[in-house]
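Step one of this worksheet: look at the structure below.
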Amino acid sequence: GELEEKSLRAEVGTRNNSGEFSGYGQGVSTVILRRPFLEVDAKIQGQDSFAARPGESLEMEISFRNNLPVPVQNAVVQASFGGRGFDERQIRVRDGVYRVSDKKGIWNSSSAPFLEKLDPGKSGLLRLQLVMLEPTPQNSADKEFKTTIDLDIRPGVLPSGFSGTDVTGDDAFEIKLISRLQLVRRGFYFSATLPNSGPLPPRVGQETTFTVVWSLINSTNDLSNVVVRARLPAYMSWKNAVIPREAAVNFDSASGEILWQVGELKAGVGYLSPAREITFQIGLTPSPNQVGQSPELVSAVQAAGRDNFAGREVEMEAPALTLGLEDDPKVDFSQTAV
């Protein structure tokens, strides 16, 4: 039905020291909630608000309905865009137009003939597509991007018997942009930071050490509880040399897991301030069955954290580091196999 009853019960009383409540009066009242005369409701993937990834393409579904007891002539639906984080050039309004001058999507009976006459109880669906930007922070204001979309539906002609009544329906939608977390991993034999030793190319039964650098970059929102983890294969050893020394890095010799507890990672790290980095040293002692191969030095490395603004977990993975050492310009190709 068009009307929905909600009962509210209130009790008045006192609470004594032990927390027991003794009531001396109560009342029940019934509130009637009326559906709006004209109704509009926007959803993305069935949700009333949305957290989007940079560059993500989204489709918004806008449902509308006439709850009046009389037909509505020439209904107009509008979607007003505000905020930042969306690519204005890529908005597509199906059965409607996008007006750049005031950032509005508009549907009326000339573009959508089904809006010409909405009978009582009649409903329908409109669609628009939008694409999120991939912002690269230029200054400290480039954070916490969000897009607001305010929707309304109104009749072209006010139905008779409803003059002086606001029959407009409205809805508000918010899209928060998720931060882009990036993880870069590099490996070196020739390193001034942590000098290495041992034969290159590595030889069976002899240890050669390598320097690994992990760098974290974060775009537009502050992240918390950031952790980076990877594993060392069984033939690799952890040399217990980490820069900076105060970094919260642990190595579990039983599982081979390296865990870096980064904690907080502010917006703009790697753009407006230096990337968050650690450097550590590992050792490879090849076995006879690795001759002619470029073994993995560190397995795939994963970073994860919580985006405080978007309220979402973010994560990413970088590929395994091998003896290929493609980041070390001084390593010759002939040195990249055992």
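The numbers here are math on the coordinates, done by the rules we state, and not lab data. Remember, predicted model here, so these are calculated numbers, not experimental data. For neighbour counting, all protein chains shown are included, and Cβ atoms are generated from backbone atoms with ideal geometry for every residue, glycine included.
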Inset, instruction - With r as the distance between the Cβ atoms of residue 138 and residue 254 and R0 = 51 Å, compute the FRET efficiency 1/(1 + (r/R0)^6) and round to 0.05. - result: 0.65
Inset, instruction - Could you rank the peptides 327-337, 67-77 by their average count of other C-beta atoms within 10 Å per residue, with the highest value first? - result: 67-77, 327-337
Inset, instruction - Rank 50, 158, 197 by how far each Cα sits towards the positive end of the charge dipole of the chain (+1 on Lys, Arg Cβ; -1 on Asp, Glu Cβ) and give me just the farthest. - result: 197
Legend entry - Cα-Cα over 25 Å, subset of 122/176; 176/266; 43/266: 122/176; 43/266
Inset, instruction - Please find the FRET efficiency linking residue 110 to residue 35, where r is the Cβ-Cβ separation and R0 is fixed at 22 Å, and quote it to the nearest 0.05. - result: 0.20
Legend entry - Cα-projected label distance for residue 327 with residue 313, points at 7 Å along beta-carbon direction, nm: 2.6
Legend entry - Shape category assigned to region 257-327 from the gyration tensor of Cα positions, a/c cut at 1.5: prolate
Inset, instruction - Between beta-carbons, use under 9 Å as the cut-off and find the net charge around residue 73, counting Lys and Arg +1, Asp and Glu -1. - result: 0
Legend entry - Neighbourhood charge, 15 Å Cβ-Cβ cut-off, centred on residue 334 and excluding it, Lys, Arg +1 and Asp, Glu -1: -1
Legend entry - Extension gain (nm, one decimal) between residue 129 and residue 192, 0.36 nm per residue minus Cα-Cα: 17.6 nm
Inset, instruction - List the residues of region 171-208 whose backbone N lies under 15 Å from a point placed 7 Å from the Cα of residue 243 along the Cα-to-Cβ direction. - result: 186-197
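Quick one: if the Förster radius is 56 Å, what FRET efficiency do residue 57 and residue 15 give, using the C-beta to C-beta distance and rounding to 0.05?
0.55
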Legend entry - Inter-centroid distance (Cα atoms) of region 298-338 relative to region 249-295, Å: 8
